[in-house]
Structures are given as C-alpha cells and as structure tokens.
Amino acid sequence: MPRLEDLPFAFAARNALRKVGVEVLPASIDSSLLGMHLDRLISTLNVSCVLDVGARVGDYGLWLRRNGYRGDIISFEPVSSNFQALEKAAAHDANWHCFNYALGAEQSISSINVSKHTAYSSFHQVSTAAQERFGEETYTEREEKVEVHRLDDVFGTLPLKVTDRLYLKMDTQGWDLEVLKGARETLSHVIALQTEVSVQPIYEGMPVMRDSLEAIADYGFTPSGFFPVNLDSRMAAIEFDLVAVRAAA
C-alpha cells in the first residue's frame, strides 16, 4: 500500500482537512507532529520567509511545501554535491532561493567533513559511539573546503522584503550555535527559530541540550515545542528539533 508521503495529491487533501481540525498522520509520526506545530505557528505569527540553514538537498524546503507553506524560502548549503541537488529541487519554485555557502560565527574558508550519507556532514568529527550506532553512513568520505559567512554580513544581500517576518531554521550537525553567534543583529528580525538540540551527542565537541537552551534564552527566545529527531534502542532521545519563539518583553 502506498504511503501518504508518496502520494502528492494526499498532501493537499491533508492540508485541507487540517483547516477544519482533522489531521491525517503519515508513516513518520514525528515529522507529522512538527508539521502540525509549524502549520499553526506560521499562520499565527504570519511567517513570510524561512531561512533554511543547512538545507542539504532541499529536504526541508520540499517538506515545507508539502506542509502547505507558500512563502519565501532562502536556503544555505555549503557542500557542492548537495547544492547541485538543492538547486534542482528549487528550480521551478520562484519563491525559493539558494546560496552555496555555510553560515557561522566568523567569515572563513573552512574544511567540512563530507560523510557517506551527506546528512551527517559536519564541521565536527562524528564520534566513535555514533559510528557504531549509525554505521557506515556516518563515515567521512572526503574533506571539502567551503565558504563560511556570518548571517549578519550577508543579510543585506538576501532577497528579503522590508515587511518579512522571518523563521530561522538550523540543521547544521552540531554547528547551530555558531550560526547564532554570527547572527546577533539579524535575530532582531526573527520571530521564531528551529534548532537541533542534542541529548546524546553524535559529534565530538558539539553543544548539548543544556547549552542550546541557555543560548536561545540569551538570544531572547523561549521554547514552543520539542520534537524527537531520532531515538535509541531504549526509546531514549538522541536529538530533538526545538522550535522557539521570541520571549515576551
């Protein structure tokens, strides 16, 4: 039997039912819970542009479109092979813009570890424990030199409108707090954000959940929802997607 996520027409039907309070759940329950939450958040906060940091091959942008979001998407992806696939995914979407560089705390040319499955590519090294847990997909196949820019430095060059209400999504494999360090001024334009927080670190030297929670609080945001990304064999969380909104003044 085909899965819901394999049937394009099913997303339109699901999104229509959602408007009247009925939710149809696909096979990936975790993704669906995040989808329901973001559908409500984007509508409530009038999000008009998503900054998609760590876009990989366009997974998140396509997921947003299937989830009913029709506003602008600005994607950032440094790995060359990923970027080619990202451009192809966005090619027929006039409201989706792609940039071939990473975001971080400082402008630089840096080496990124490109893994066999590029979802694990990171400026950090994958830990031995993660390699044992997730297998060969995490193994580094090559290092690639990539551009890193501060979001504050490139903000004025992006195709943004003065009236845009921004949602900052980060999925950079242990690098999210570095992105935030280079975005202190930009954050004044951000009304909500999404960051991956680690309970059981996959990479050497990456921040853990406590670090991420303290950082987003210091930047003026408060949690709106936690959504499991993956679980271990005991059903203990490895990582969460944390959605946060601007804290009350």
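The values are calculated or read from the model by the stated rules, or taken from the named source; none is laboratory data. All figures in this text were calculated on a predicted structure; none of them were measured in a lab. Every residue, glycine as well, gets a Cβ built from its backbone with ideal geometry; the counts of neighbours run over all protein chains shown.
The residue that is farthest from the chain's Cα centre (by Cα), among those in region 49-79 that are more than 30 Å from K116 (Cβ to Cβ) and buried (at least 18 other Cβ atoms within 10 Å of the Cβ), is G68. Within region 114-151, the set of residues being closer than 19 Å to Q84 by Cβ and out of contact with any Asp or Glu (no Cβ under 6 Å at 6 or more places or on another chain) comprises S115, T118, A119, Y120, S121, E141, R142, E143, E144, K145, V146, E147.
If you check S224, S233, which single one turns out to be of a type in the set (S, T, Y), out of contact with any Lys or Arg (no Cβ under 7 Å at 6 or more places or on another chain) and either at pLDDT 95 or above or within 30 Å of A247 (Cα to Cα) (or both)? None of the other options fit; the residue is S224.
Quick check: is even one residue across region 221-235 in contact (Cβ under 8 Å) with a residue 24 or more places away in the chain, buried (at least 16 other Cβ atoms within 10 Å of the Cβ), touching a helix residue (DSSP H, G or I) at 6+ places or on another chain (Cβ under 9 Å) and outside any strand (DSSP E or B)? Within region 221-235, none of the residues are in contact (Cβ under 8 Å) with a residue 24 or more places away in the chain, buried (at least 16 other Cβ atoms within 10 Å of the Cβ), touching a helix residue (DSSP H, G or I) at 6+ places or on another chain (Cβ under 9 Å) and outside any strand (DSSP E or B). Taking the numbered list (1) basic (K, R); (2) touching a strand residue (DSSP E or B) at 6+ places or on another chain (Cβ under 6 Å); (3) within 25 Å of G35 (Cα to Cα) in turn, R65 passes all entries but (2). Residues of region 73-86 that are in a helix (DSSP H, G or I), touching a Cys at 6+ places or on another chain (Cβ under 7 Å) and touching a residue at least 40 places away in the same chain (Cβ under 8 Å): none at all.
Restricting region 189-220 to residues that are assigned to a helix (DSSP H, G or I) and of a type outside the set (G, A, S) leaves a set whose member that is farthest from A130 (Cα to Cα) is H189. Name the residues in region 155-191 that are touching a residue at least 12 places away in the same chain (Cβ under 8 Å), aliphatic (A, V, I, L, M) and farther than 24 Å from I238 by Cβ, would you? L158, L160, L166, A183, L187, V190, I191, listed by residue number.
The set of residues in region 98-140 being surrounded by 13 or more Cβ atoms within 10 Å (Cβ to Cβ), over 21 Å from the mean Cα position of the chain (by Cα) and of a type outside the set (S, T, N, Q) consists of R133, Y139.
Of the helices (runs of 4 or more DSSP H) entirely within region 87-182, those holding at least 3 residues that are at pLDDT 95 or above and farther than 21 Å from L38 by Cβ occupy 151-154, 176-181.
Against the test of being in contact with a Phe, Trp or Tyr (Cβ under 8 Å, 6 or more places away or on another chain), at pLDDT 70 or above and in a helix (DSSP H, G or I), the options L34, L17, L51 yield a single qualifying residue, L34. Residues of region 132-161 being more than 19 Å from L187 (Cβ to Cβ) and among the charged types (D, E, K, R), which ones? Scanning region 132-161 gives E132, R133, E136, E137, E141, R142, E143, E144, K145, E147.
Does region 113-151 hold any residues that are closer than 22 Å to L168 by Cα and of a type in the set (A, V, I, L, M), and which are they? Step through it out loud before you land on a result.
Step one: list which residues in region 113-151 are closer than 22 Å to L168 by Cα, which gives 118-124, 146-151.
A119, V146, V148, L151 - these are the residues of region 113-151 that are closer than 22 Å to L168 by Cα and of a type in the set (A, V, I, L, M).
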